[in-house]
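The values are calculated or read from the model by the stated rules, or taken from the named source; none is laboratory data. Only a predicted model underlies this, so the values are computations on that prediction, with no experimental measurement involved. Heads up, the Cβs are rebuilt from the backbone with ideal geometry, glycines too, and the neighbour counts pull from every protein chain shown. Each accessible area value is taken on the protein alone, full model and side chains, heavy atoms only, with ligands, DNA and RNA left out. Shrake-Rupley method; radii C 1.70, N 1.55, O 1.52, S 1.80 Å.
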Amino acid sequence: MDDSSPGAGAPLASPAGFPSDDRLSSAALIVTDASGHVVLWNRQAEWLYGWTRAEAIGTHILELSVHVADAAVAEEILARVTAGELWEGSFAAMRKGGTNVEVLVRDTPLVDGDGKVIGVLGESLPVGVEDLAQVAATTGAGSADGARERLAFLAQVTGVLDESLDHVRVIRRLAQLCVPFLGDNCLVDVTDEDGELQEVAVSASDPAKAKVLAELRRRYPPTATRPNPALRVATTGRSELFVDMPDSMWRAIAQDDAHFELLRSLGLRSGITAPLMVRGRVRGAISVGSIESGRRFDASDLAFLEEVGRRAGVAIDNARLYTELADVARNLQASLLPPALPVLPGAEIAARYLAAGGFQVGGDFYDVFQTADGAWAALVGDVEGKGTRAAGLTGLARHTLRGAALHERSPSAVLQDLNTVLIDSPNVTSFCTVALVRLERRSGGFAVSAAAGGHPKPFLLRADGTLEQIEATGHLLGFFPTIACYDVHLVLDPGDTIVLYTDGVTERRAGVDFFGEDGLGAVLADHRGEGAQALAEAVVDRVSAFHSDAPTDDMAVLVIQAT
C-alpha cells in the first residue's frame, strides 16, 4: 500500500494551530480496543478531527473516518495494525463535517503479556497546507517542507523513547538521533535519585569532539560555584539560549586554565539547553550546539528543543516508575518464598524459581518445613492471576498450608482445610492449585503420601531410571465448597526423586507448541542419576531454552531426592 495517499485535503474549517495552551507538536492521541472501538480520545483529537470525546468514545474508528478518507485504505491499515504491525504514514483524513486534513500518523499495536494485540495507540499530527505554514512560522522551520521535517522528527523521537524501559539506552539513542538534525553535538544529563546531575549521553558529528566532550564531563563535573548550562537548567527548570558563545562564557564556567582551553577547543558557536520536564518536575537537561555547521540558534529552536525535552522527561519518568515497581514486585515476591531451604535429613532438596519479570507479582510458590510429629511437608502451588491480589492470596495459601500441615497427617485433609479457608474468605475471589507431599523418615528411605488440588501431577524418577507420574489429582482449591481429593502412598528409596512443578514449566510455548509434560519427562530422563540440584537446574535451563522470548508465566520447580 502507498503510504502517501494522493491529494492533501481542503484547509481546516477551524483556525489553524492547536489551542494556545498546547504545543503545535502535541499529538492527537486515540486508543482503540482490538475490535476498533475508541476507548481514549484526548483534547488534541477533539480539535484535529472535530468529534467530541463523548461522541468518539465507544464508536468504531472507521465510523469516524479519522485515519483515511478512503474507507478501503482505512480498513487495510486497521487490519495490519491489529495483526501486530507498526504503521506510519501521512494521508488525507476526514474531519467531522466532511472537510479533509492531511495528517502524519503513527499507529502502534498494544499487546498483552502473551503477545496478543489488545488495542491500538494512534498518534497523529496535522500537516495540511495551512497547518504547515503555521508550524513553520512557530517553530522557525522556515518553510512548509521544514515543518514537515520537524513533525517527522518528533514522530521519530516518540518512537525512540518508546523503544525500551531502560532509560539509559533510550537517552543514548535520543542523543544520536538529535545529531545532526538539531545540532552538531548533543548532551543529555539526568538527575539521579539524590537529585545529582549525571551525564547519560554524548553524541557529536565529529568523533574527536565527542571524545573532548566526554573528557570534559569526566575531568570537570559542574559545581555549584562553576555551574555549566546543564546544571543551571536542571536546577532552575528554565531553558537557556546562547546565540553566540564568546570566551567570556567559557571563563565563567572553567574551573582552571586547562578546563578553559578544552572548552574553547570544541569551537562551539551557538547552543541551547532545555530541561527534561515531566509534570512540573525537572528530570535533567538536554543540550545541543553548533560547530561545523555554523548554525545560530534562535527562540523557535529553543521552543522545539523544549518539546523534545518534555517527551524525553516523560520517558525517563516512566522508566524510573517501572523500575521502582519492578523492585517492589521482586521484594514482595521474595517475601512469599522461603528465604532458604531447610536441611532435610536423608534427602537432598533443591528449588528454582524463575519470575516472568515486570512489575506484576506472580502467584507461584513453594515451601518445605518440618511438621509437629517430625515428618516433613513439601509443596508447590500456583495462584490465579498476578499483582497484589495474587500476592495476598499466595501469602494466605502458603501460611494456611503451613498451619494445617503442622498438625494434620493427611495431605488431602490439609488441602481440604485450605479450600475451606478460601471459600469462607469474603475478599478472596480467585482460586489456586497445590501439590503437597508428606515425607516420613523410614529405614533406607521415606514413606510418602501425596495429594494435589487442581495441580499438575508430580513426577517420580526412580534410581533405576524408571519415570512415572504420581497419580495425585483433585479439584481446584477455592472454587468448589467441597473438593474431591485423596492421598496417594508410595515409598521413596535412596536415589529416588520426586519433582514438583508449576504449569509455567509445562505451558511454556514456542509458537503453537508447548513444552508439556513430555518435555519435562524428557529432561528428567536425560539427567537420571544426577542430584537434586542438577535436576532442578536442568529443568529451568531446558524450559528457558525452549523459546528465546521472556517467559509470560512464573516457573517453580522443587526436587526432593532420597540419599
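5 Å is the cut-off here: which amide hydrogens, built 1.01 Å from N in the peptide plane, fall below it relative to Val278, excluding neighbours closer than 5 in sequence?
Correct list: Arg283.
Summing Lys, Arg as +1 and Asp, Glu as -1, what charge do residues with Cβ under 13 Å from the Cβ of Thr473 carry, Thr473 excluded? Please report the intermediate quantities before stating the final value.
Working: positive: Lys457; negative: Glu471, Asp487.
Summing Lys/Arg as +1 and Asp/Glu as -1 gives -1.
Using R₀ = 56 Å, calculate the FRET efficiency as 1/(1 + (r/R₀)^6) where r is the Cβ-Cβ separation of Ala340 and Lys96; round to 0.05.
Details: r = 65 Å, r/R0 = 1.15.
After rounding, the FRET efficiency stands at 0.30.
Give the separation of the Cα centroids, segment 488-518 to segment 419-453, in Å.
17 Å
Work out, step by step, the length gained on full extension between Ala54 and Glu261: first 0.36 nm times the residue separation, then minus their alpha carbon distance; give nm to one decimal.
Details: separation 207, 0.36 × 207 = 74.52 nm, distance 6.13 nm.
Full extension from Ala54 to Glu261 adds 68.4 nm.
Using amide H atoms built in the peptide plane, which far-off residues or other-chain residues are under 5 Å from Gly89 H to H?
Amide H neighbours of Gly89, under 5 Å, 5+ apart: Val105.
Taking 30 Å as R0, compute the FRET efficiency from the Cβ-Cβ separation of Met249 and Ser293 and round it to 0.05.
Calculated value: 0.95.
Can you give me the long-range amide H partners of Leu40? Hydrogens built in the peptide plane at 1.01 Å from N, cutoff under 5 Å, separation of 5 or more residues or another chain.
For Leu40, the qualifying residues are Val31.
Let me check I've understood the local charge: for Ser287, count other residues with C-beta under 10 angstrom from its C-beta, Lys and Arg +1, Asp and Glu -1. What total comes out?
Values: positive: none; negative: Asp189, Glu240.
After counting each charged neighbour, the total is -2.
Mind running the shape call on segment 246-299? Use the C-alpha gyration tensor, a ≥ b ≥ c as the square roots of the eigenvalues: rounded below 1.5 for a/c, prolate if a/b tops b/c, oblate otherwise.
Working: a/c = 2.86, a/b = 1.49, b/c = 1.92.
Since a/c reaches 1.5 but b/c is at least a/b, the shape of segment 246-299 is classed as oblate.
So how much slack lies between Val31 and Arg281, counting 0.36 nm per residue of separation and subtracting their Cα-Cα distance, in nm? Each step should come with its number before you reach the end.
Details: separation 250, 0.36 × 250 = 90.00 nm, distance 2.66 nm.
Working it through step by step, the gained length comes to 87.3 nm.
With labels modelled as points extended 7 Å from the Cα through the Cβ direction, what inter-label distance (nm, one decimal) is found for Tyr486 paired with Leu406?
Going by the 7 Å Cα→Cβ label model, 3.1 nm.
Probe radius 1.4 Å, ligands and nucleic acids left out: which of Leu213, Leu86 has the largest accessible area, and how do the rest follow? Provide the component values of the computation, followed by the final result.
Numbers: Leu213 10, Leu86 80 Å².
Solvent-accessible surface, decreasing: Leu86, Leu213.
By average Cβ neighbour count within 10 Å, what is the ranking of 150-156, 487-493 from highest down?
Numbers: 150-156: 19.7, 487-493: 16.4.
Averaged packing, sorted descending, gives the order 150-156, 487-493.
Okay, which of segment 468-491 sit inside 12 Å, backbone N to the point 7 Å along the Cα-Cβ direction of Ser425?
So the set is 478-479.
Once both labels are modelled 7 Å past Cα along the beta-carbon direction, what's the Lys211-Lys116 spacing in nm?
Going by the 7 Å Cα→Cβ label model, 5.5 nm.
Set the Förster radius R0 to 25 Å, insert the Cβ-Cβ distance between Glu63 and Leu40 as r into 1/(1 + (r/R0)^6), and round the FRET efficiency to 0.05. Intermediate values should be presented prior to the final figure.
Values: r = 16 Å, r/R0 = 0.66.
After rounding to 0.05, the efficiency reads 0.95.
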